[in-house]
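Okay, so here's the structure we're looking at.
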Amino acid sequence: MLAKEIPDPFDNNNWIFEIKWDGYRTIAQKENDTVNLFSRNGNSFNNTYPIVVNELKKLDFNAIVDGEIVVLDENGHPNFQYLQHYSENQFRPIQFQIFDLLESEGKSLLNKPLTERKKMLGELIPESDVIKYCDHIEGNGIEFFHVAETSDLEGIMGKKANSKYLPGKRTGDWVKIKNHKSIEAIIVGYTAPAGSRKYFGALVLAEKSGDGFRYIGHTGTGFSDALLKEVYDLLQPIKTKTSPFNKKIKTNAPVTWVKPEFVCEIKFTEITKEGILRHPVFLRIRNDKKVDEINLSENELSPQKKNFTKVPKKSVSKDEKKIFTFGKNKVEITHPDKIYFPEKKITKGDIADYYQSMAKYILPYLKGRPESLLRHPNGINAKAFFQKDAGEQAPSFVNSKAIFSESVNKNIDYIICDNAATMAYMNNLGCIEMNPWHSTVEDLDHPDYFMIDIDPSDKNTFDQVIEVALAVKEVMDKAGGNCYCKTSGATGLHVYIPAAKKYTYDQVKDFANLICMLVNKMLPKFTTLERNLKKRGNKHIYLDYLQNRRGQTLACAYSARPKPVATVSTPLEWNEVKKGLSPLQFDIHNIKSRVEEKGDLFANVLRKGIDMDTCLKNLS
């Protein structure tokens, strides 16, 4: 039984809601000691996922069940790439999430109400690490979707509680609501690669249109080098000289046509009035989907499709949204009442408000700088993750810069936070703190400043941290160079030294290393340059000069931090750096009044840089 896609979640007490699993839809048939797994198009999964077959054989009943096979990543989330390449990922957890019972002991249950089928299913299945009963909630689709959204799951399924099981039918009794808009498209060609890219530039995409095909766009985004080769190799045996379209399409490079035999899943932002995908991103090949199924005119996301379902939907109330307006641009903060800091009941909306109130002070430290996004979509007590790529869904007012990364051997499309609208967009992604590069896109190899990151261990006091910061200032005073201190917003202090793009990263790193060596000689009992935590022990403050490398980031001045009381990385006057100072003094509630009174104490960091030759001579 298939589901229609609808754009919005809804509440209805006559419906149940399940997680939409990102895996392979599978029918499992167990009869005594014989188990067969079938894909949507009737192919056998027995040899592909033998562990599921073996676990089903242990069940002491005969049945036909419907579910989804998934493979989990390090965070416990389904990962389709791992599933599709399971032979290389057999060490990863695999699950068969079973959500329906179609037959029990030879008796068909297709005409029984869904809730009755699921009740019987729950009583039959003894859960294991592999075999799982897919549970559900009743009625609350909107709240359930928000949970799926914040957990970055694929979406949710809505099913009428009394629905019968209709094999092969796609009715409004079952619906799917995706977290990310995605569709299946037919691959009909690929363009030639450009620059250093190998294999191909972009895939040419189509849908079925009557007896022919209609062009719906092309995508070159979403591929690693390995995936480029994999898809390229897949398409080589089916190359053809004939275009499937009855009119010429516009592409940026010559096209190699292929027979329309493969379906892929594409993420996108919207479908234009002409039926073309905007910002399409390749997700995966769908071996379980047939070409004949791919027809956007029957897809509920199509702009031509209206009144596609009579499912009641509940609109989102105004207090569930916060909208900032920047000229013609608007940024919506979704779920602004979500608690980010439980101890102080500080919300996502509060963080966005803080950044907008401080925009004129924070933006000078962000403009022109690539950003590493540390996202906390579920608040500070939930798992966070780094994102560097801007992504295809970034709005037009968000600037970005493609920068080659040797560590991943590809270009990363970094967000450049040049305006308050981009800052709000980042907040909506769950960014609590701002982490810019030390250099700007004008000259990525020459930083505007460098720093000493004073990083205490568990047994150090903050008074010791202060003593180290003052020692750094003493060294810089002897050198004849200015330096500026700010709280990290956590347990340490940062001392910044202006460089004004006059030196390379290697030069400032080496100079910072020299400063740290001198400070370590001054305070040998509780400071160290040993980076390895186990080797340095928990009684030494780490003098970190390695933050001064290309691509490294640190929370900028006035950045909020994901700590229990929403502390802020706060610039200090040197006469404030003394015993009794605490980073807990400065939080999102009191920083604005402090800056309005004292001005921007960090402004000189972006101005005249030190003369390193003079400093070295003075220190000799």
The listed residue being closer than 13 Å to L114 by Cα and not assigned by TED's automatic domain parsing to the domain that holds T251, out of G158, G168, G141, G172 | G158
Restricting attention to the range 484-541, which residues are of a type outside the set (S, T, Y), outside any helix (DSSP H, G or I), modelled with pLDDT of 95 or more and touching a Cys at 6+ places or on another chain (Cβ under 8 Å)?
-> L493, H494, V495, I497
With respect to S128, is the statement that it is over 13 Å from P9 (Cα atoms), modelled with pLDDT under 90 and outside the structural domain of F385 (by TED's automatic domain parsing) true?
-> yes
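Among the residues of the range 267-293, write down those that are charged (D, E, K, R) and either in a helix (DSSP H, G or I) or under 22 Å from E230 (Cα atoms) (or both).
As a first pass, look at the range 267-293 and keep what is charged (D, E, K, R): 267, 270, 273-274, 278, 284, 286, 288-290, 292-293.
K267, R284, R286, D288, K289, K290, D292, E293 - these are the residues of the range 267-293 that are charged (D, E, K, R) and either in a helix (DSSP H, G or I) or under 22 Å from E230 (Cα atoms) (or both).
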Near pairs, Cβ below 7 angstrom, 6+ apart or cross-chain, from the range 44-67 (of a type outside the set (S, T, Y)) to any residue that is exposed (fewer than 15 other Cβ atoms within 10 Å of the Cβ) and in a loop (DSSP other than H, G, I, E, B) = V53/N46; E55/S128; K57/D33; F61/E105; N62/N32; N62/E105; N62/G106
Across the range 408-429, which residue is farthest from V281 (Cα to Cα) among those that are free of Cβ contacts under 8 Å to residues at least 60 places away in the same chain and not β-branched (V, I, T)?
-> D418
If you scan the range 101-157, which residues turn out to be closer than 20 Å to F61 by Cβ, assigned to a strand (DSSP E or B), touching a helix residue (DSSP H, G or I) at 6+ places or on another chain (Cβ under 7 Å) and not aliphatic (A, V, I, L, M)?
-> S104, Y133
Does K305 satisfy the criteria of being surrounded by fewer than 17 Cβ atoms within 10 Å (Cβ to Cβ) and either modelled with pLDDT of 95 or more or within 20 Å of F268 (Cα to Cα) (or both)?
-> yes
Residue within the range 258-272 that is of a type in the set (D, E, K, R), touching a strand residue (DSSP E or B) at 6+ places or on another chain (Cβ under 7 Å) and modelled with pLDDT under 75 present | yes
Of the residues that make up the range 395-403, is at least one assigned to a strand (DSSP E or B), outside the structural domain of D73 (by TED's automatic domain parsing) and either surrounded by fewer than 16 Cβ atoms within 10 Å (Cβ to Cβ) or on the phi > 0 side of the Ramachandran plot (or both)?
-> yes
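Restrict the check to the range 612-620 and report whether at least one residue is surrounded by 16 or more Cβ atoms within 10 Å (Cβ to Cβ) and closer than 16 Å to C485 by Cα.
Narrowing the range 612-620 to residues surrounded by 16 or more Cβ atoms within 10 Å (Cβ to Cβ): 612, 615, 619.
From the residues that got through so far, the ones that are closer than 16 Å to C485 by Cα too are none.
For the range 612-620, residues surrounded by 16 or more Cβ atoms within 10 Å (Cβ to Cβ) and closer than 16 Å to C485 by Cα: absent.
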Given the range 173-239, what strands (runs of 3 or more DSSP E) lie entirely inside it while holding 3 or more residues that are under 30 Å from K159 (Cβ atoms)?
-> 182-191
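The values are calculated or read from the model by the stated rules, or taken from the named source; none is laboratory data. Here the structure is a predicted model, which means the values were calculated and not measured. Cβ: placed from backbone, ideal geometry, glycine included. Neighbour counts: every protein chain shown.
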